[in-house]
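The values are calculated or read from the model by the stated rules, or taken from the named source; none is laboratory data. All values derive from a computational prediction rather than experimental measurement. Heads up, the Cβs are rebuilt from the backbone with ideal geometry, glycines too, and the neighbour counts pull from every protein chain shown. Note: accessible area is taken over every heavy atom of the protein model, side chains too, but ligands, DNA and RNA are not part of it. Shrake-Rupley method; radii C 1.70, N 1.55, O 1.52, S 1.80 Å.
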Amino acid sequence: MTPQTPVRLGAALDGVGWHPASWREDTVNAKRLADPEYWVELAQTAERGLLDFLTIDDTLGLQFENFGLPDDRVDRVRGRLDSVLIASRVAPRTRHIGLIPTAVVTHTEPFHLAKAIATLDFISAGRAGVRLKVDVAGTEVALFGRRDQPLLDPGEAGEAKLRGSLKTAMGEAADYGEVLHRLWDSWEDDAVIRDTTTGRFIDRKKLHHIDFEGEHFSVKGPLTVPRPPQGQPLTGVLAHVTEVYRLAADVADLVWFTPHSDNDIRGVCDELAGFGAHFDRGDPLVKFGDLLVALDSHQERGIDRLHRLDELSGAPLTSDARIFTGSPAELADLIEAWTAAGLEGVRLRPASNAVDLPLISDALAPELRRRGLRPESYSATTLRGHLGLDRPRSRYATPLEAS
């Protein structure tokens, strides 16, 4: 049975898993973090469960748990491969699943990222997206030395200073997202003509300067990559507060947030709807709830497993997202309730990639299909198609003649 409005389903990949002790439990994969085949196998496992997409977490600096503030811990995974390049490696070895790497927009140029993600969209035949991430704390600024940004400790900064830093970072990220979208539109779909008779490879009139002038960027364009297969690869934002919800509504196609109850979902959806009306978006913003999951045959076994990981870690697991322990059927109950409350889908963070990702694909996904909440097969070839989003026309294209 194929549902008319399926629950969207994604997985978030980070290291060996989202529990900080997962590398001690899964020592085989802990040795393979820099092995490209490890990431290919994870993507193939997720695709086996017909998941719509996977995201690959990334930062420019080393991973730290306290808002990215440096620490001296040596009992955590540190160091990672570039997520865009991982996605490029995974793309030819998968056929359907969407690939969404992370990019830190505070310290990178939008032109470079637009080119990289457009290229990923070609390599994956229309399955590319990108998560836009900001460096609010200023922990990565020293890696570049191009701006004066003091280190910000949220525990000491105070609400007003934190909000001010967030507002500045989100303003820059909004400009960044706008530049990405304009650059992906800067080639019209039929700009490449390959006319051997006239010797013209491209129609120059269909390449456009974007002429973006903002507070943070001045970008002429056009991009040096033709318009990607999806027209616009998808952009996503992980959001927890109003300033980031506004960014998502302004420039993103997907938003992940971290509800802990049905009321949380309804409240955030109402807030996002208000921004959507303000910014007069075209396509709807697709809303996902994030869950960190430790699956097992039933809740008690899931709790026991989490306790074992906590003992290895030396402290109980904490997360911005709700932590779920239980069986795939119990997780399906929660997903069903959350989508009824207003979400289009969920993004699952496996506590351990080796244990939880196969259970998501081989137990949760079939349970959702049995309930009529997931399709029996992939019905689209692009990430936009998986999420029910249309392929947009270039904003610079000649207007269609009225029929």
query: Tell me, what is the percent relative contact order of the range 116-248, built from C-alpha pairs under 8 Å that lie six or more residues apart?
result: 33 percent
Antiparallel content of DSSP bridges confined to the chain, in %, to 5: 10 percent
task: For the range 1-70, state which trypsin sites (Lys or Arg not before Pro) are in a DSSP loop and have at most 13 other beta carbons lying within 10 Å of their beta carbon.
output: K31
Solvent-accessible area per residue for the chain (1.4 angstrom probe, square angstrom): 45 Å²
query: Taking only DSSP H segments of four or more residues, each worth -39500 (n - 2.57), what value at 222 nm results for the chain once the sum is divided by all its residues, to the nearest 500 deg cm²/dmol?
result: -11000 deg cm²/dmol
- line: The farthest towards the positive end of the charge dipole of the chain, of the residues A169, A239, L85, given +1 on Cβ of Lys and Arg and -1 on Cβ of Asp and Glu, is L85
The range 1-98 - Rg and Dmax from Cα coordinates, angstrom: 15.1, 52
- prompt: How long, wide and thick is the range 36-175, going by the Cα atoms along their three principal axes, in whole angstroms, largest first?
  reply: 47, 38, 26
- request: Distance from a point 7 Å along Cα→Cβ of A34 to each backbone N in the range 65-85: keep the residues under 20 Å and list them by number.
  value: 73-85
message: If I take every Cα pair under 8 Å that is 6 or more residues apart in the range 191-335, average their sequence separation and divide by the length, what percent do I get for the relative contact order?
response: 16 percent
field: Global form of the range 139-286, assessed from the alpha-carbon gyration tensor, a/c cut-off 1.5
entry: oblate
query: Scattering from the C-alpha atoms of the chain alone, worked out with Debye: what is log10 I(q)/I(0) at q = 0.10 1/Å?
result: -0.67
query: Using a cut-off of 29 Å between alpha-carbon atoms, which lysines can reach K167, once sequence neighbours fewer than 8 places away in the same chain are excluded?
result: K115, K133, K220, K287
statement: If amide H atoms are modeled at 1.01 Å from N in the peptide plane, then the residues at a separation of 5 or more from V130, or on another chain, having amide H under 5 Å from its own are L234, T235, G236
field: Accessible surface of the chain, 1.4 Å probe, proportion on carbon and sulfur as whole %
entry: 52 percent
- prompt: Any idea what the dipole of the chain comes to, in debye rounded to 20, about its Cα centre with Lys/Arg Cβ at +1 and Asp/Glu Cβ at -1?
  reply: 1180 debye
field: Candidate aspartates and glutamates for bridging to K205, where Cα separation is under 19 Å - those fewer than 8 sequence places away on the same chain excluded
entry: D185, E188, D189, D190, D195, E401
task: Please give the helix 36-48 orientation as an angle from the longest Cα principal axis of the chain, in degrees from 0 to 90, rounded to the nearest 10.
output: 90 degrees
statement: A correct Karplus calculation of ³J(HN,Hα) over the range 109-120, with 6.51 cos²θ - 1.76 cosθ + 1.60, θ = phi - 60°, whole Hz and x for Gly and Pro, returns 8, x, 4, 5, 5, 4, 5, 5, 6, 4, 5, 4
statement: Taking every DSSP bridge whose two residues both lie in the range 216-356, the antiparallel percent to the nearest 5 is 0 percent
